[in-house]
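Okay, so here's the structure we're looking at.
The values are calculated or read from the model by the stated rules, or taken from the named source; none is laboratory data. Keep in mind the model is a prediction, meaning the values are calculated, not measured.
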Amino acid sequence: MKIIDISWPIINEMTEYKDRNNLKINSTITMHPHTGTHVDAQAHFTPGGKTVEQLEPNQFIGHCRVVDLTNVKEKITANDLESHAIKLFCLKQKIVR
């Protein structure tokens, strides 16, 4: 199996969540948790959910599709994803589009 790292490189010019720019790179790296490629753990949304360190690394390996959404100004919507033929699945409402 060929493994390709699709994470964004960490550079001084990268933006953070909602175009904040608090990234500081010197002898240490300081950044917002929503900088670049990141994981929102279950505990971020669900009380009692797993934290990042409780997740198995193999959960982060699998098939993927990389799409260019640089034209999105405010937030990524269902229409943005559907325009790239990405099928949406919502567990909470059990909706598949």
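When the residues of the range 20-37 are filtered to those that are closer than 20 Å to Asp5 by Cα and either at pLDDT below 75 or not assigned by TED's automatic domain parsing to the domain that holds Trp8 (or both), which remaining residue is nearest to the chain's Cα centre (by Cα)? Here the residue is His34.
The sole residue among Asp40, Asp68, Asp80 that is modelled with pLDDT of 85 or more, of a type outside the set (Phe, Trp, Tyr) and assigned to a loop (DSSP other than H, G, I, E, B) is Asp68.
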